[in-house]
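Scroll down for the structure; my scribbles are underneath it.
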Amino acid sequence: MRHLKISFILLFACALLAGCKFYSLTGADIDYSKTKTFQVNYFQNNAPIVEPGIARDFTQKLQDLLLNQTSLDLVNANGNLVYEGEITEYYIAPITATSQSTAAQNRLTISINVRFFNTQNEEKDFEQRFSFYFDYPGGTQLTGSRLDDAVNVIFERITQDIFNKSLANW
C-alpha cells in the first residue's frame with residue numbers, strides 16, 4: 001500500500017511537470033523549441049573615467065551567467081537573443097563625511113546601458129540602464145584585489161538584474 005502511494009505521488013509530480021510548457025529552476029521563461037542561441041556583443045566602456053579591463057570583464061560575466069542559468073548556446077552572430085550596450089558611468093563619490101571634512105565612506109557606482117533584442121518575440125525587446133554600487137571605508141584605497149572584489153559584487157548584481165528583466169519576466 002505504501003509503495004502505491006509513493007508511486008501515485010511520483011506519477012502526479014511527473015504529470016504536473018510535463019504539463020508545464022516551459023519549466024526552469026532558474027526562473028527563466030524561455031521557449032527552447034524556438035530559442036536556441038544568444039549572443040553578447042562587447043560592452044564598450046564609454047564612461048568618463050575608464051577603468052581598464054572592466055568592459056571585457058562585464059561582457060564575460062554576462063555570458064557566463066546566461067550559460068550557467070539557461071540551456072542556450074553562445075554564438076558570435078545571429079543569436080536568437082542579443083545583448084549589447086555600453087558602460088556609461090564609473091565613478092567614486094563620498095557618501096558620508098567625518099568631522100574633519102574627509103570622507104568616512106565612499107561609493108563606487110557603475111552604470112550600464114543595455115539593449116536587448118529577442119528575435120522570436122519583439123515585444124520583449126528593451127533598452128534600459130542598470131546600475132549598482134559598492135560602499136567602502138573612506139580611508140581605504142580601492143585598488144588591486146579590493147577593486148576586483150567591488151567590481152565583481154557590482155557586476156553580479158547588474159547581470160542578475162539584466163537576466164531577470166530579459167528572461168525571467170519579473
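Summary of values
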quantity	calculated
Residues (small (Gly, Ala, Ser), touching a strand residue (DSSP E or B) at 6+ places or on another chain (Cβ under 6 Å) and closer than 21 Å to ILE54 by Cα) located in segment 112-157	SER131, ALA150
Filtered residue count, segment 51-103, keeping only those that are more than 12 Å from the chain's Cα centre (by Cα) and either part of a loop (DSSP other than H, G, I, E, B) or of a type in the set (Lys, Arg) (or both)	18
Subset tally (residues that are closer than 20 Å to GLN69 by Cα and surrounded by fewer than 17 Cβ atoms within 10 Å (Cβ to Cβ)) for segment 126-159	4
ALA77 being modelled with pLDDT of 95 or more and out of contact with any Gly (no Cβ under 8 Å at 6 or more places or on another chain)	yes
Residue within segment 16-28 that is surrounded by 10 or more Cβ atoms within 10 Å (Cβ to Cβ) and modelled with pLDDT of 60 or more present	yes
Residue, nearest to THR35 (Cα to Cα), within segment 104-134, restricted to residues that are in a strand (DSSP E or B) and touching a Leu at 6+ places or on another chain (Cβ under 8 Å)	ASN118
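Results for (1) out of contact with any helix residue (DSSP H, G or I) (no Cβ under 7 Å at 6 or more places or on another chain); (2) polar (S, T, N, Q), shown as yes or no for each residue.
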site	(1), (2)
LYS61	no, no
ALA93	yes, no
THR96	yes, yes
ALA103	yes, no
ASN106	yes, yes
GLN141	yes, yes
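The values are calculated or read from the model by the stated rules, or taken from the named source; none is laboratory data. The shown structure was predicted, so the numbers you read here are calculated from the model rather than taken from an experiment. Because the Cβ atoms are built from the backbone with ideal geometry, glycine has one as well, and the counts that use them run over all protein chains shown.
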